[in-house]
Amino acid sequence: MTQHVLVTGASRGIGAAIAEYFIAQGDTVVGLSRSGVAPEGCAMSLAVDVSSSPSVSDAVKTAIAAHGPVNVLVANAGITHDGLAMRMSDEQWREVLATNLDGAFYCARAVLSSMIRNRAGSIIFMGSVSPFYGVPGQANYAAAKAGMVGLARSLAREVASRAITVNVIAPGFIDTKMTTGLGSTTDQMTALIPMGHLGTTADIAGVVGFLASNSARYLTGQVIAVDGGLAMGL
Ligand code: NDP
C-alpha cells in the first residue's frame, strides 16, 4: 500500500536519505524544510519553519489536502548550536529547544487527528545519543533530544489503542553537514565508536523504513540507538 509520508528536514543529510528511501518504495513523500528544498521524486516540497506552530499547521493542512491522511511522520528537522552551559545565551538555548523539541511536538500534533481517524500511523522522532552519552557543549541539544523521549512515550500511550506507534531513533555520529568541519573532534569521536567509523545517512533511513513498516507494528514507545555501539546500554 502506498503511504503518505511526511519528512521534516528533508533538504539534505539524514532527512533527504529518509525521503529517498520512501520514494524508492513508491510512497508519496512530502518534504519539509526551511529552504523548501527536497529530493527529486518528492510529491511535494514545502518551506516550513518547524519552530513555528502556525507554519507547521499550514504545511500539514496543505499536505493532507493534496495527498490525504498522513500515514508516517518523520520529525527529523534539527539544529545544533553548541557552547559551554555557563556561556550559553538565552537565544542559543531557545533556538535549539524550539527547533528540535517544539518542532517535533507541533508536527506530531498536526498529523494526529488524521492518524486517529485512520486508526493507523507511525510517528518517528529523530533524537540523538547526546542525552544518554553526555556531550559537553550540548546542554541545549541534549535537553531537547531528552525531552523528545518523554514526548514520544506520553504520546505512545495516548494513541497505542488506535494502532499508532511512536518511537525515537537516536543516531550516533552520522556523516552529514551537521558533523562536517569538526576537525580533530571527528577523529576523537570515531575512536570511541566500537564499529570504528561514522554512520551513513542510509544507516538511519533503513531503520526509519523498518519502524514505518508493518513488521514494526507492535513496537512503540522505544528509543533505538543507531550508533555503531557508541552509547550501547543507553
Ligand atoms: P543537517 O544539518 O544536515 O540537516 C538539517 C535539516 O533540518 C535540514 O533539512 C534543514 O533544512 C532542517 N531544518 C533545520 N531547522 C529547521 C527549521 N526550523 N524548520 C524546518 N527545517 C529545519 O542535519 P542532519 O541530517 O545531520 O540531522 C538530521 C537530524 O538528525 C537532526 O534532528 C539531528 O539532530 C539528528 N542527529 C544527527 C546526527 C549526526 O551525526 N548528523 C547525530 C544525532 C542526531 P534547511 O536548512 O534547508 O532549512
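Can you tell me which residue is nearest to the chain's Cα centre (by Cα) among those in the range 63-82 that are over 19 Å from K177 (Cβ atoms) and surrounded by 15 or more Cβ atoms within 10 Å (Cβ to Cβ)? I'd like the intermediate steps shown before the answer.
Start the filter on the range 63-82 by keeping residues that are over 19 Å from K177 (Cβ atoms), which leaves 63-73.
Going one step further and asking which of them are surrounded by 15 or more Cβ atoms within 10 Å (Cβ to Cβ), we end up with 63-64, 67, 69-73.
Working: A63: 18, I64: 20, H67: 21, P69: 19, V70: 16, N71: 15, V72: 12, L73: 9 Å.
Ranking the qualifying residues of the range 63-82, first place goes to L73.
Here are some residues: A160, A110, A170. Which one is in contact with a Ser or Thr (Cβ under 7 Å, 6 or more places away or on another chain), among the small types (G, A, S) and surrounded by fewer than 18 Cβ atoms within 10 Å (Cβ to Cβ)? Steps first, please.
Details: A110 fails: surrounded by fewer than 18 Cβ atoms within 10 Å (Cβ to Cβ); A170 fails: surrounded by fewer than 18 Cβ atoms within 10 Å (Cβ to Cβ).
Going through A160, A110, A170 in turn, just one is in contact with a Ser or Thr (Cβ under 7 Å, 6 or more places away or on another chain), among the small types (G, A, S) and surrounded by fewer than 18 Cβ atoms within 10 Å (Cβ to Cβ): A160.
Being touching a residue at least 60 places away in the same chain (Cβ under 8 Å), touching a helix residue (DSSP H, G or I) at 6+ places or on another chain (Cβ under 8 Å) and crowded, with 24+ Cβ neighbours inside 10 Å narrows it down to one of G121, G103, so name that one. Walk me through it before giving the result.
Numbers: G121 fails: touching a residue at least 60 places away in the same chain (Cβ under 8 Å).
After applying the criteria, what remains is G103.
Can you confirm whether the range 165-183 contains a residue that is farther than 13 Å from V223 by Cβ, in a strand (DSSP E or B) and touching an Asp or Glu at 6+ places or on another chain (Cβ under 9 Å)?
yes
For a quick check of your reading: which helices (runs of 4 or more DSSP H) sit entirely within the range 69-141 and have at least 2 residues that are modelled with pLDDT under 95 and of a type in the set (D, E)? Write out each step before concluding.
Details: elements: 90-97, 103-118, 130-133.
Helices (runs of 4 or more DSSP H) meeting the threshold: none at all.
G36 passes all but one of (1) part of a helix (DSSP H, G or I); (2) within 8 Å of the ligand (Cβ to nearest atom); which number fails?
Only one criterion in (1) part of a helix (DSSP H, G or I); (2) within 8 Å of the ligand (Cβ to nearest atom) is unmet by G36, namely (1).
Could you list, in sequence order, all residues of the range 184-234 that are in a helix (DSSP H, G or I) and β-branched (V, I, T)?
Looking only at the range 184-234, we keep the residues that are in a helix (DSSP H, G or I), and these are 184-192, 201-211, 214-216.
Within the range 184-234, T185, T186, T190, T201, I204, V207, V208 meet the criteria.
In the range 42-62, which residues are part of a helix (DSSP H, G or I) and within 14 Å of the ligand (Cβ to nearest atom)?
Within the range 42-62, the subset part of a helix (DSSP H, G or I) is 53-62.
Across the range 42-62, the qualifying residues are S53, P54, S55, V56, S57, D58, A59, V60.
Is there any pair with a first residue in the range 9-29 that is among the charged types (D, E, K, R) and a second that is within 14 Å of the ligand (Cβ to nearest atom) whose Cβ atoms are under 7 Å apart and which are 6 or more apart or on different chains, and what are they?
R12/K177; E20/P39
Could we say that T176 is away from the ligand (no atom under 14 Å from the Cβ) and in contact (Cβ under 8 Å) with a residue 24 or more places away in the chain here? It would help to see each step written out before you state the result.
Numbers: away from the ligand (no atom under 14 Å from the Cβ): no; in contact (Cβ under 8 Å) with a residue 24 or more places away in the chain: yes.
For T176, the condition - away from the ligand (no atom under 14 Å from the Cβ) and in contact (Cβ under 8 Å) with a residue 24 or more places away in the chain - is not met.
The values are calculated or read from the model by the stated rules, or taken from the named source; none is laboratory data. Computed from a prediction, not measured in an experiment: that's the story for all the values here. Neighbour counts run over all protein chains shown; Cβ positions are idealised from the backbone, glycine included.
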